[in-house]
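The values are calculated or read from the model by the stated rules, or taken from the named source; none is laboratory data. Just so you know, these numbers come straight off a predicted model, no measurement behind them. All Cβ positions, glycine included, derive from the backbone under ideal geometry; neighbour counts span all protein chains shown. SASA here: full protein model, heavy atoms, side chains in, ligands and nucleic acids out. Shrake-Rupley method; radii C 1.70, N 1.55, O 1.52, S 1.80 Å.
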Amino acid sequence: MADLPVTVHVDVLVVGAGLAGLRTATRLAEAGHEVLLVDSRASLGVGIRTTGIFVHRTLQDFHFPPHTLGPAIRRVVLYPPSHRRPVDLRSERDEFRVGRMAELCTWAGEQAKQHGVQIMLGTTYQGRDGTAYHLQGPHGAVRVLARLVVGADGARSRVARDLGLDTNRALLVGAEQTYPVHDPTDPPPTFHCTLDPRIAPGYLAWVVHDGAHVHVGTAGYPAQFRHGLRQSLATYRARAPGLSTATRTGPVEHRAGPIPVGGLLRRIGNRDGLLVGDAAGAVSPLTAGGLDPCLRLSDHAAQILDEALRTGRRESLDRYDAAPLRRRLRGRTALRTVLAHTSSPRLVEAAFTGLRTTPGRAAARQILFSDRSFPIDAPTAPREGGDVTPRQGRTVEACPGDARVTTPR
């Protein structure tokens with residue numbers, strides 16, 4: 001006879017331990033709720049799929065340890081397909097920093113555990129059956145009875161389907177190679193972005209030189225790559241601007257994955273749970289930058305979940321409404337549509353004629369250097385009032401018996 005699955009009772013099950021899932025789980029645990037966070041990876045520092053770009057607004061509103069961030073970047077260079085006469089834009093302030101994502105996710109995981117989040121790694125989400133959620137862990141099946149569930153499980157969210165919520169349909173695919181660099185003669189940290197529909201159909205290719213690493217990548221609509229994503233990356237890398245002075249040594253890190261670019265989905269929550277991060281389409285529709293939106297939406301989600309859990313009123317979840325946020329993103333959504341339908345290198349070259357003018361440069365600066373990346377204000381605590389004392393947590397593989405997950409106080 002097969003062993004019965006372990007049964008676990010929690011307030012919230014969070015599926016996916018990227019930054020969105022980690023942030024949501026931590027904020028809920030800070031508010032005193034029992035939270036179980038699961039991820040299929042064996043370690044939070046592996047399987048990174050993002051370059052990890054943090055914009056100025058994020059760096060002002062959120063705290064990250066210095067060792068998890070690269071040097072500040074103030075310069076962006078935009079290249080047409082010919083690479084001739086690029087548009088060089090410089091800011092007077094620190095606009096970007098590239099996160100060292102393995103270190104950052106590991107740190108965020110430690111923060112989650114310190115506040116009482118129970119983390120089960122090497123555990124896959126199998127689906128929903130009535131009021132139960134099924135997991136497969138290193139030691140067998142786990143059945144979770146949770147009051148609410150959060151889907152932080154990426155662009156192709158299984159939780160979204162199980163909750164009957166919207167799923168991402170506008171998806172790019174991207175690939176990146178990252179190298180450490182050790183050449184003191186390298187120029188200041190810079191973003192080099194190439195708009196060329198032959199190697200990045202509907203999006204762009206990039207070289208991000210952050211002073212410690214160089215990231216080389218491209219992304220686009222999968223059906224529009226003439227020779228496939230890998231060949232496009234190889235072609236770009238052979239002549240990419242910004243690589244000529246980079247001395248590349250040490251191991252190469254490869255990253256790849258889907259990128260949602262349709263903007264925030266319409267239905268991202270109901271009275272059983274909600275979506276955050278890529279699962280909710282919480283990215284900039286134009287640039288696809290996802291870290292600022294994922295952090296802001298995660299705090300917003302945690303605040304609403306906390307209210308529903310404290311009051312027992314599931315109708316509080318109705319306030320998790322994407323409509324007002326979508327309205328404030330209409331301009332960028334429209335520009336994304338234009339970029340998605342630009343398939344002619346000659347048309348892109350012609351557009352750069354306008355970008356080189358004073359109004360064109362001003363428009364580019366507004367897109368790249370403005371503080372309106374995602375229309376949610378600075379984070380607030382999920383619960384108003386007194387301080388929340390952190391609770392000591394632990395990483396678990398499975399919880400024996402039929403019991404609520406608890407932590408030492």
Could I have the simple spin-label model distance between ARG169 and ASP94, label points 7 Å from Cα toward Cβ, reported in nm to one decimal?
4.2 nm
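If you add up the charges near GLY174, with Lys and Arg at +1 and Asp and Glu at -1, over every other residue whose beta carbon is less than 11 angstrom from its beta carbon, what do you get? All intermediate terms of the calculation are to be shown ahead of the outcome.
Working: positive: ARG49, ARG255; negative: GLU176.
My count for the surroundings of GLY174 gives +1.
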Measuring from label point to label point, each 7 Å out along Cα→Cβ, what is the ARG161 to THR337 span in nm?
2.9 nm
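Need the full-extension length gain, ALA132 to THR353, defined as separation in residues times 0.36 nm minus the C-alpha distance. One decimal, nm.
Working: separation 221, 0.36 × 221 = 79.56 nm, distance 5.79 nm.
Separation in residues times 0.36 nm, less the Cα-Cα distance, equals 73.8 nm.
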C-alpha center-to-center spacing [the stretch 118-160, the stretch 185-223] in angstrom:
35 Å
What nm value, rounded to one decimal, do you get for the distance between ASP321 and LEU145 when each label is placed 7 Å out toward the C-beta?
3.4 nm
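As a test of understanding, state the convex hull volume per residue of the stretch 303-366 from its alpha carbons, in Å³. Numbers along the way, then the final one.
Details: hull volume 7.2 nm³, N = 64.
Normalising the Cα hull of the stretch 303-366 by residue number yields 112 Å³.
Do any trypsin sites (Lys or Arg not before Pro) in the stretch 54-134 lie in a loop, going by DSSP, with at most 12 other beta-carbon atoms within 10 Å of their beta carbon, and if so which?
Numbers: sites: ARG57, ARG74, ARG75, ARG84, ARG90, ARG93, ARG97, ARG100, LYS113, ARG128; in loops: ARG74, ARG84, ARG93, ARG100.
Answer in residue order: ARG84, ARG93.
Can you run the Rg to Rh ratio on the stretch 95-193? Use alpha carbon positions and the Kirkwood inverse-distance Rh.
Working: Rg = 19.2 Å, Rh = 17.7 Å.
So for the stretch 95-193, dividing Rg by the Kirkwood Rh gives 1.09.
Net charge near PHE54: determine it from the other residues with C-beta under 12 Å of the C-beta of PHE54, scoring Lys and Arg +1 and Asp and Glu -1.
Details: positive: ARG57, ARG97, ARG100; negative: ASP61, ASP94, GLU95, ASP210, ASP292.
That works out to -2.
If you average 1/r over every pair of different alpha-carbon atoms in the stretch 85-151 and take one over that average, what Kirkwood value in Å do you get? Walk me through the numbers on the way to the answer.
Values: mean 1/r = 0.0625 Å⁻¹.
After inverting the pairwise mean of 1/r, the radius is 16.0 Å.
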For LEU204, the accessible surface traced by a 1.4 Å probe with all protein chains present amounts, in square angstrom to the nearest 10, to 40 Å²
Scaled by the rule-of-thumb 2.2 N^0.38 Å, the alpha carbon Rg for the stretch 117-174 gives a ratio of 1.25
